[in-house]
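Worksheet for the structure shown next.
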Amino acid sequence: MTRGEARMVPKVETTSYYGRPIIKAPVWAATDIAGYVFLGGLAGASSLLAAGAEATGRPALARTGKVAALGGISLSVVALVHDLGRPERFVNMLRVFKPTSPMNMGSWLLAAYGPAAGVAAATDVSGRLPGLGRAATAGAALLGPAVATYTAVLFADTAVPAWHEGYRELPFLFAGSAAGAASGLALLTVPPHQAGPARRTAIGGALLDLLAARRMRARMGVVAETYRTGRAGRLTRAAEALTVTGAVGAALSGVLRGAPTTRRVTAAVAGTALLAGSVCTRFGVFAAGMASAEDPKYTVIPQRERRAARQ
């Protein structure tokens, strides 16, 4: 058809053979994989918070961050191994070193980060070998950002449209969500006079989370429908409401003057909202990916749009 001529054949509907999905949806279990992503983010961000707290003389905040990092990464690995089915599958990933494989790099990252987080927590709780503990805390903090965000690369490297189309913003979304989870746990457990860094991290993480999510959906075109409808839509809306509530509560807990109980209650409400918002964000992203894999149009339409742009 030359330019200016009328189209004689109607536009083809987005269908597939017998209505079956074009790509095969991942066989991952939501509880295992979305839980693994959430717990890894909590661990990585907690290590950063712990290192900052230790450097500024906030022992309660530092201990909370170290223990949270160890607990988060331990449970994260348990969830991953449970989904893999056999523990040796994780160990087998360490037989090679392949920079082009997000899964392989993630396995090596966990293998390096886990012991560092463990030593940091153990030395803090026991009070022994403080020099080794400081070195382990610094090492865990250096690896923490990668632990919190590498799963975004892992998701985006698949053919699942709702994950692949968000490859630019997904790491920032996961970073903001991880910061919210770590700061939320700290606000729940740390005295307000030591929780200043957690409050600031909560506000910054919430802004990054919300902005990245909005930017991602604005850029994804038709695929963004998967984040607005169904289970993913409900989780996404809940995540946004909880994250905003947590950020506002974190800010209020820092400026309130009066009874200490009021500040503690406000901080606890904010921390709970931030943790719940981070959970909803990760499960919402997971649900959107599954929904996009099941409907052929989310695979076909972006492909046609990219082809048209090249032509």
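The values are calculated or read from the model by the stated rules, or taken from the named source; none is laboratory data. Bear in mind the structure is a predicted one, so any value in this text is a computation, not a measurement. Cβ placement follows ideal geometry from the backbone for every residue including glycine, while neighbour counts extend to all protein chains displayed. We work out accessible area using only protein heavy atoms, side chains counted, and drop any ligands, DNA or RNA first. Shrake-Rupley method; radii C 1.70, N 1.55, O 1.52, S 1.80 Å.
Table for the structure above
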| item | result |
| --- | --- |
| Unmet criterion (only one of (1) under 17 Å from V37 (Cβ atoms); (2) aliphatic (A, V, I, L, M); (3) at pLDDT below 95) for A213 | (3) |
| A111 exposed (fewer than 15 other Cβ atoms within 10 Å of the Cβ) and at pLDDT below 95 | yes |
| Selection count, the range 144-161, where residues are over 14 Å from A288 (Cα atoms) and open to solvent by 10 Å² or more (accessible area, probe 1.4 Å) | 7 |
| Unmet requirement for S183, which otherwise passes all of (1) more than 18 Å from L275 (Cβ to Cβ); (2) open to solvent by less than 10 Å² (accessible area, probe 1.4 Å) | (1) |
| Counted residues, the range 232-285 - those being modelled with pLDDT under 95 and among the basic types (K, R) | 3 |
| Within the range 32-130, helices (runs of 4 or more DSSP H) holding 1 or more residues that are touching a residue at least 40 places away in the same chain (Cβ under 8 Å) | 59-84, 102-126 |
| Top-ranked residue of the range 144-189 - restricted to ones that are polar (S, T, N, Q) and either within 25 Å of A62 (Cβ to Cβ) or part of a loop (DSSP other than H, G, I, E, B) (or both), ranked as farthest from the chain's Cα centre (by Cα) | T189 |
| Qualifying position, being in contact (Cβ under 8 Å) with a residue 40 or more places away in the chain and either open to solvent by less than 40 Å² (accessible area, probe 1.4 Å) or in a helix (DSSP H, G or I) (or both), among A308, A224, A291 | A291 |
| F172, sole failed condition from (1) more than 13 Å from R282 (Cα to Cα); (2) open to solvent by 10 Å² or more (accessible area, probe 1.4 Å) | (1) |
